[in-house]
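Here, each number is a calculation from the coordinates, and none is a lab measurement. Predicted, not measured: the structure shown is a model, and the values here were computed from it. Virtual Cβ from ideal backbone geometry, glycine too; neighbours counted across all protein chains shown.
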Amino acid sequence: MADITQATPGLLNRNGASANLAIVAGVELGSAILLRAFLLSDETAVIVALLALMGAIFAALQLRPVLEERIVAAFHDRKRFATLLGIVIVLACPFFLQGSGYAFHLLIVSMLYAVLALALNFQLGSANIPNFATGASYGIGAYTSALLALNFGVSFWLTLPVAAVVATAFGFLLGFPSMRTKESYLALVTIAFGIVAHQLLNNFDWTGGPNGLVGIPAPELFGHSFARPIEAFGFRLPSQANFYYLSAALVGLSIVSAKRLHESRVGLAWNALRADPLAARCQGIDVVWYKMLAFGVDAFLAAFAGTIYAFYVSYISPDNFTFLVSVTIMTMVIVGGMDNTLGVIIGAFFLTMLPEKLRIFSDYRLLFVGVVVILFLILRPQGLFPQRARNYGGKR
Amino acid sequence: MDALLAQHLLNWLVLGSIYTLIALGFSLLFGVLDVIHFSHGDVSMAAPFVALAAIQAVTAWAVPLTGTGALLLAILISMAAIGFLGVVLEWLVMRRFRAAPAMMALVATVALGTVIRELIRTLYPQGSNPKPFPAITTEVIRLGDIVVPVFSLIVIAVSISTVIALFALLNHTRVGVRIRAVAEDRAVARLMAIRPNRIFAVTFFIASAVGAVGAVFFVSHAGVVRFDYGVQLGLIGFSAAVIGGLGSMQGAILGSLLIAGIDTLVQIGVPDGASYRLVFIFALVIAVLVLKPSGILGKPVFEKV
C-alpha cells in the first residue's frame, strides 16, 4: 500500500540495478500482501501472528540498520519504478479485497487519518509546534461542507475548496496566539481552541447539536453517484470503492505537497524553527509568518479529510472531532516518525487498524493500545522511521 | 438577593478550592520535573474508586465505623494509595522520558491517562457505569437566610490547610529545600548530595495525594463518579495551572479561582449556561494566554541560543 518514494541516499550500492528492482518490488508487494492479509483476517491467532511478523520486521530493521539503508538506497535508485508500482498497487488493491466492506472502510478511514497526520506533521514534525486542534480543523472542514451541502445543495466538489478555505481561516486565527506563546502554553491554547470548537458544535442549533448532521448526500462525478457500486472489468466493487479512490487521491496529493514543502525553503525554514527559533530569527527567517503558515497548511489539509469523511459516512456529530481525536493524530505522527512522510502514513495506518483489529480483545483494546503507545515511545522514541537528510538530486 | 449572592460566592470558593487541589499538582510536577503530567487528572480520579472500595471493605469487615467516619477513613486510604500510584507511575513510565523532548512526555502521559481510565473501567466492577458517591456530610448551618452546607466549609478549610501545609513543606523543611533545589537545577542538586530520583518520587507522592483529595471532593460535590471524569477535571486543573503560570504555586491558586469564577458566573448569568460553561472557561484560557503568554504569575521566558 505504502508508496515509498521518500528515499534519500544512504550507502548506495551500485552493483546490480536488477537487485534494486527486486528489492523495491519485494518490499512494496510484500507490504501490500501483509496489509491485505491483516485486513481480511478475522481469526485471533492469524491477527496475532501477523502482528508478531510485523514486529519481527521492525525489530530486524532496528537491530540491523544496514538493512534499512540498503532498502532506502534501492528505492532511491529506482524512484520512478517505485512510484509507478506504488500507484498500480493502490489502484489494483480494491480488486483483491473480496468485496469486503469492512476492509474498505478500514482502508478509507486509515487514509483519511494518514492525511490528518501528514497535515499535523507540518507543525509537530517539521516545526515542533504542538497542535492539539487538528481534530477541530477536521471538524470545521466536515461541518462547513456538510452544512453547505444540506442547506444550499452545493455539490461535493465545490464544498471541498470552500471548507478548506474556511478551516484555513480558523487555522490562521488559531495561529495568532502562537506569535507570543510557546511550548506548553501554546499547547494549551490549541487544546482550548479544540474544546471551544467541539463545545460550540455540540451546543449550536444550526449544527444539529449533539445529534450532528444527518443525511449528507453522496457526491457524484460525471453522473456516477458515489453511493453506487463500481462495475469495471467484469468486477463489481462495493460503493466504498468510490471513496477509496477519492481518499487515495487525497493521500497522493498530500504526499506530493508534503514532499514539495519539505524540500522547499518553507520546509527548511520550519526545520530551522524547530532547531532553534531565536537562531532562525537571526538568519532572517520570519518566525511568526512560518508558524502561522504551519497552522494554515495543517487546517487546509485537515479540512479536505473532514469533507471526504462527512460525505463518506453521510453523518457527522461533534463526537467525531473531540480532543482525543487530536491526541490520536498526534500519536500517529510521533509513533510514525516526525517529519518523515512515509513514517507518518504508516503510523496512521497502524494506529487506525490496531484498535479495530483488536476488537477480539473487545473491552481491553483501548487499554492495549495505550500500553503499546507508551512502550513504543520508550523503546523507539524516534518513531518507526525517523527523518532523513534531504537529498537535492545528484547520486553519491 | 444577599442570600443568593452569598450562595454563589460560596459555590465559587468551593469550586475554586477543588480546582486548586488539582492545579497545585500540575504546577508542582512541572516545576520539579519540567514535564507536563497530563494523566494527573486521571490518576487523581482513581481516588474516588479506591475510596468506594475502601468504604465497602471497612463496613464489611465489621469495623464499628459507619457513615462519615468510614468515609473519612476511606479518603485517607485513597490518598495514600493514589500517592503510591503516583510514585509507581513515575518509576514505571515518567522516568523513561526524563531526557526525551517535552512533546514525547506529553503524548506518553496522555496515553498513560487512557491506560488508567481503561484499567478503572475494565477492572472495577461495572466500571463503565456512573457510581453514586456518598456525600461527606449533608448537614447545613443556617445563618439568617443563608444556608451553608458543612461540606462546603470542609472543602474550603481542607484546601486552605493543604495549601498552607504545602507552602510550609516547600519553604521550611529539609525535603522542601531539596525539592526546590532539584527544581532549580538538577545537576547542581546532585552535586549537593541530593538524589533527584528520590525527590521526584516524593514530589509525585505529594502531587498525587493532593490531587486525590481534590478528586474525592469533586465527586462528592457532584454526588456521582464515572471513570472518565478525570479528563475534564484534569484539563481544567491543567488550564488553571497554566494561566496562573506553570511552576508557580500562587499562580495555580489564582488560576483556579479565576476559572471557578467564570464557571460560576456563566452558570448564573448566561442562559443555558451549564452547556456553555466549557466554552467560556476555555475562551478565558485563550484570552489570558494571548495577553500574558507565560501565565499571570509565570516568569517570562528569555530565549537563549
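Quick notes on this one:
- Given 13 as the ceiling on other Cβ atoms within 10 Å, longest exposed-site-free region of chain B for GluC sites (Glu not before Pro) in DSSP loops: B:140-302
- Taking 0.890 mPa s as the viscosity and 25 °C as the temperature, the Stokes-Einstein diffusion coefficient of chain A based on its alpha-carbon Kirkwood radius rounds to 113 µm²/s.
- Amide hydrogen neighbours beyond the local backbone of residue A:384, cut-off 5 Å, H modeled: A:336, A:337
- A cut-off under 13 angstrom between Cβ atoms defines the neighbours of residue A:38, and their net charge, with Lys, Arg +1 and Asp, Glu -1, is -1.
- Shielding of peptide A:191-198 by partners, expressed as the average count of other chain Cβ atoms within 10 Å per residue Cβ, is 6.
- Once C-alpha pairs closer than 8 Å and six or more residues apart are averaged by separation and normalised to the residue number of chain B, the relative contact order reads 34 percent.
- Computed log10 I(q)/I(0) for the stretch A:71-138 at 0.15, 0.17, 0.27, 0.29 Å⁻¹: -0.77, -0.88, -1.04, -1.11, from the Debye equation with unit scatterers placed on every C-alpha and solvent omitted.
- Theoretical gain in end-to-end length, residue A:228 to residue A:276 [0.36 nm per residue, Cα-Cα removed]: 12.1 nm
- Residue A:79-residue B:180 FRET efficiency (beta carbon distance; Förster radius 51 Å; 0.05 resolution): 0.35
- Cubic angstrom per residue, convex hull over Cα atoms of the protein assembly as shown: 179
- Put simply, the amide H of residue A:316, placed in the peptide plane, has neighbours under 5 Å in A:213, leaving out anything fewer than 5 places away on its chain.
- In this structure, the amide hydrogen of residue A:221, modeled 1.01 Å from its nitrogen in the peptide plane, lies closer than 5 angstrom to those of A:226, counting only residues at least 5 positions away or on a different chain.
- Over 25 Å [Cα-Cα, chain B], rounded percent: 50
- For the stretch B:100-245, the normalised intensity computed at q = 0.10, 0.11, 0.21 Å⁻¹ comes to -0.52, -0.62, -1.38 (log10 of I(q)/I(0), Debye sum over alpha carbons, equal scatterers, no solvent).
- 10 Å Cβ neighbours from other chains, averaged over peptide B:109-119: 6
- Pairwise FRET efficiency - residue A:200 versus residue B:56, Cβ, R0 = 41 Å, nearest 0.05: 0.50
- In this structure, residue B:197 and residue B:250 have a Cβ-Cβ separation that, at R0 = 35 Å, corresponds to a calculated FRET efficiency of about 0.80.
- Taken residue by residue and averaged, Cβ atoms of other chains lying within 10 Å of the Cβ of A:324-334 number 3.
- Residues of the stretch A:65-99 with an amide N closer than 19 Å to a point placed 7 Å from the Cα of residue A:19 along the Cα-to-Cβ direction: A:65-79, A:82.
- Placing pseudo-labels 7 Å out from each Cα toward the beta carbon at residue A:389 and residue A:102 gives an inter-label distance of 4.7 nm.
- Rounded, prolate or oblate (a/c below 1.5 giving rounded, otherwise prolate when a/b exceeds b/c) for the stretch B:223-289 by Cα gyration tensor: oblate
- Plainly put, the stretch A:147-223 has a radius of gyration that is 1.09 times its Kirkwood radius, both from alpha-carbon atoms, as the Rg/Rh ratio.
- Taken as entire DSSP H runs, the helices of chain B that both span 20 Å or more between Cα atoms along their own long axis and average -1.0 or more on the Kyte-Doolittle scale are B:2-33, B:40-60, B:68-92, B:102-123, B:150-172, B:196-222, B:229-244, B:249-269, B:273-291.
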